[in-house]
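One structure below.
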Amino acid sequence: MKQNLKDLTLPELETYFERLGEKRYRAKQVFRWLYQGVDSFDEMSDISIALREKLKEHAEITVLKIVERKISKQDGTRKYLFELSDGNMIESVFMKYKYGNSICISSQAGCRMGCIFCASGKDGLARNLSVGEMVDQILKVEQDAGEKINHVVIMGTGEPFDNYGNMSSFIKIINDKHGLHIGMRNITVSTCGIIPKISAFAEDFPQVNLAISLHASNDAERKKIMPIANKYSFDELLITCQKYTDKTGRRITFEYTLIAGKNDDIKHAEELASKLQGLLCHVNLIPMNEVSELEVKASSKPKVQQFLKKLQEKHIAATVRRELGSDIDAACGQLRLSKITL
Ligand code: SF4
């Protein structure tokens with residue numbers, strides 16, 4: 001099988017070149033070409049023809065295929081559906097903010113975590129994404145939008161900590177100054193709360209932002225929304241979060257999707273505020289995107305505002321996520337779901 005060069009960090013690529021009997025510095029030249037968006041060995045003009053031919057024989061550069069693209073007329077948000085080489089589909093979203101351009105990428109095709117409000121996980125996990133498939137979402141969107149991306153959020157389809165090894169290499173490649181050179185502090189990883197991996201992440205990537213999907217104010221309610229809560233309790237999760245902030249000095253973002261009649265009552269806001277007291281954190285309230293394939297409904301706007309007000313009264317930093325691309329409406333995972341349920 002040919003080696004996909006986009007799956008390798010720079011040190012790994014250097015080792016690979018040595019194994020091919022080539023000089024290590026050649027790896028850096030090829031690495032630079034890859035992250036300038038070059039997909040063919042023939043375009044690597046400072047590489048000898050003999051080496052290009054050798055690489056063609058042993059290696060490949062895979063690329064994602066854009067199947068569908070929706071562009072918001074309101075705010076320039078772009079939603080992409082990509083096809084992988086085995087026919088699986090994934091989604092990415094490009095968003096424009098005052099502070100720069102951001103992309104939300106997928107880490108898996110599907111997801112096995114089964115959160116009840118999520119279209120991405122509805123059909124379970126197909127497979128992990130390779131490192132190259134994660135990186136290529138950025139490269140292809142940059143090429144298609146004609147704009148540089150400087151913020152990356154791993155919050156699309158999949159649980160990144162369920163694909164920890166590939167996620168780690170992905171972060172190293174996009175952070176590498178010869179790669180995409182995106183600052184660690186401009187990268188955010190969102191997890192549903194896999195405790196051992198949160199501890200590992202604090203060690204491995206103390207500069208990268210961490211977001212945790214909480215979506216409930218206690219264990220019993222969380223178990224009804226997120227099956228992962230059956231494995232790791234709410235209290236254990238908060239203890240791990242405290243250790244994370246002690247170690248890294250960094251604020252955690254808690255994602256809280258408001259679902260009508262499930263987790264959006266004022267008593268939930270009060271309980272959440274009391275649990276989070278003293279923790280270095282910020283709560284991101286997410287108005288749920290309704291998806292016809294799912295049974296749960298979004299909270300009303302007054303309910304969302306009431307919830308926000310209560311958290312703020314209790315001195316918990318909280319905001320409501322701005323809705324971008326509402327005119328291209330598809331909720332996270334919905335484009336992909338529409339293709340696989342056809
Ligand atoms: S919310 Fe995230 S972790 Fe939960 S099912 Fe969806 S993709 Fe998976």
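Worth a mention:
- Among the residues of segment 141-173, those identified as farther than 24 Å from residue 213 by Cα and of a type in the set (A, V, I, L, M, F, W, C) are 141, 145, 149, 173.
- In the set (1) of a type outside the set (Phe, Trp, Tyr); (2) open to solvent by less than 80 Å² (accessible area, probe 1.4 Å); (3) over 20 Å from residue 155 (Cα atoms), residue 252 fails one condition alone, (3).
- Segment 66-125 - residue that is among the basic types (Lys, Arg) and within 21 Å of residue 163 (Cβ to Cβ) and, of those, least open to solvent (accessible area, probe 1.4 Å): 122
- Selection from segment 21-57 of residues that are open to solvent by 80 Å² or more (accessible area, probe 1.4 Å) and over 14 Å from residue 173 (Cβ atoms): 23, 24, 25, 42, 43, 45, 49, 53, 57
- The set of residues from segment 116-146 being within 9 Å of the ligand (Cβ to nearest atom) and over 21 Å from residue 288 (Cα atoms) comprises just one member, 125.
- Of the candidates 240, 245, 253, the single residue that is among the hydroxyl-bearing types (Ser, Thr, Tyr), assigned to a strand (DSSP E or B), away from the ligand (no atom under 13 Å from the Cβ) and under 20 Å from residue 284 (Cβ atoms) is 253.
- When we screen 292, 299 for residues that are surrounded by 19 or more Cβ atoms within 10 Å (Cβ to Cβ), modelled with pLDDT under 95 and among the polar types (S, T, N, Q), the only hit is 299.
- Every pair of residues 6+ apart whose Cβ atoms lie under 6 Å, when the first sits in segment 43-59 and is of a type outside the set (A, V, I, L, M) while the second is not in a loop (DSSP other than H, G, I, E, B): 46/29; 52/41; 56/41
- Taken together, the residues in segment 95-115 that are in a loop (DSSP other than H, G, I, E, B) and either touching a Leu at 6+ places or on another chain (Cβ under 7 Å) or within 8 Å of the ligand (Cβ to nearest atom) (or both) amount to 7.
- The listed residue being without any contact (Cβ under 8 Å) to a residue 12 or more places away in the chain, small (Gly, Ala, Ser) and more than 26 Å from residue 128 (Cβ to Cβ), out of 220, 269, 216: 220
The values are calculated or read from the model by the stated rules, or taken from the named source; none is laboratory data. The shown structure was predicted, so the numbers you read here are calculated from the model rather than taken from an experiment. Cβ: placed from backbone, ideal geometry, glycine included. Neighbour counts: every protein chain shown. Please note that ligands, DNA and RNA were not included when accessible areas were found on the heavy atoms of the full protein model with its side chains. Shrake-Rupley method; radii C 1.70, N 1.55, O 1.52, S 1.80 Å.
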